[in-house]
1. I'd like to know if the stretch 117-133 contains one or more residues that are touching a Ser or Thr at 6+ places or on another chain (Cβ under 6 Å) and either among the hydrophobic types (A, V, I, L, M, F, W, C) or modelled with pLDDT under 95 (or both).
2. Listed residues Gly190, Gly195; which is outside any helix (DSSP H, G or I), small (Gly, Ala, Ser), touching a residue at least 60 places away in the same chain (Cβ under 8 Å) and touching a Pro at 6+ places or on another chain (Cβ under 8 Å)?
3. If I filter the stretch 32-50 for residues that are surrounded by fewer than 23 Cβ atoms within 10 Å (Cβ to Cβ), farther than 25 Å from Asp201 by Cβ and more than 21 Å from the chain's Cα centre (by Cα), do I get at least one hit?
4. Go through the stretch 80-105 and count every residue that is aliphatic (A, V, I, L, M), farther than 15 Å from Ala150 by Cβ and within 18 Å of the chain's Cα centre (by Cα).
5. Among the numbered criteria (1) open to solvent by less than 50 Å² (accessible area, probe 1.4 Å); (2) hydroxyl-bearing (Ser, Thr, Tyr); (3) free of Cβ contacts under 8 Å to residues at least 12 places away in the same chain, which one does Ser261 miss?
Amino acid sequence: MRQRRGPSRLHLGLRRLAALGACLACALAHAQAITVFAAASLKEALDAAVQPYEAASGHRVVVSYAGSNVLARQIVAGAPAALFISADEDWMNEVEAHGRAVAGSRRDLLANDLVLISPAASGVEVAMGRRLDLARALGDGRLALANPDAVPAGKYAKASLVALGAWDGVRDRIAPAENVRAALALVARGEAPLGIVYRTDALAERGVRIVATFPAASHPPIVYPMVVLKGAPGSARELAAHLASPAVRAVWERFGFRVPS
């Protein structure tokens, strides 16, 4: 009498493969894409901060970087973002005023400093303080900064220059850029002898050096508020909590940001 054989190795392998495929399909079905609109100055740090969240959650984080003014206007117009991280409070207030933010989800994520930069090979020195004389330091060149009429970094820069008595001497010698990273690039390429950016931007670019730091009292506090936007998937709150968690603090500080207490 012949014994009845069990499933062959081939059949067992096929079953395991099918089970694995079913598990993968299930995981993909629950995975979500989280779109984040973030200030351009956050690029390297935020890219590093979201990596552990993606690895642990299986969700994919897609970040769109630009000037906070540009991003806020897109959000107000209905752009389908899940999180917004602004480089100042004014543009976050604009988003909230138009009813696009989830109530109670706003928090101050990071803080930064404002610095004067030059090309790395430049030996220019500038004494920071009241009666700041930037016009002389510029020579025949222009001062690179983000658009002072709209972009947060440019607004902070103008406020500081006004407070230090230097604005009138350079207002007609500005090389305005669409965002702070564009201003940084002008100096790194040697197209402007001086520029004003965030400390974190200067630390991210080897082609520039920090000449001086603007006094914190000369401009409004540089704060990066974060908010969850209406219509966002549930995972957006998880990502927001991750970015504000103690576990990520070291990442932010490694890139030069300060974390509000």
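1. yes
2. Gly190
3. Among the residues of the stretch 32-50, at least one is surrounded by fewer than 23 Cβ atoms within 10 Å (Cβ to Cβ), farther than 25 Å from Asp201 by Cβ and more than 21 Å from the chain's Cα centre (by Cα), which makes the answer yes.
4. So the count comes out to 4.
5. Status for Ser261: all satisfied but (1).
Results for (1) part of a helix (DSSP H, G or I); (2) touching a residue at least 12 places away in the same chain (Cβ under 8 Å); (3) open to solvent by 10 Å² or more (accessible area, probe 1.4 Å); (4) over 18 Å from Leu42 (Cβ atoms), shown as yes or no for each residue.
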residue: Asp108; (1), (2), (3), (4): no, yes, yes, no
residue: Gly123; (1), (2), (3), (4): no, no, yes, yes
residue: Gly129; (1), (2), (3), (4): no, yes, yes, yes
residue: Arg136; (1), (2), (3), (4): yes, no, yes, yes
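The values are calculated or read from the model by the stated rules, or taken from the named source; none is laboratory data. Quick caveat: nothing in here was measured; it's all calculated off a predicted structure. Positions of Cβ are generated from backbone atoms using ideal geometry, with glycine treated the same way; all protein chains shown enter the neighbour counts. In case anyone asks, the SASA skips ligands and DNA or RNA and just uses the protein heavy atoms, side chains included. Shrake-Rupley method; radii C 1.70, N 1.55, O 1.52, S 1.80 Å.
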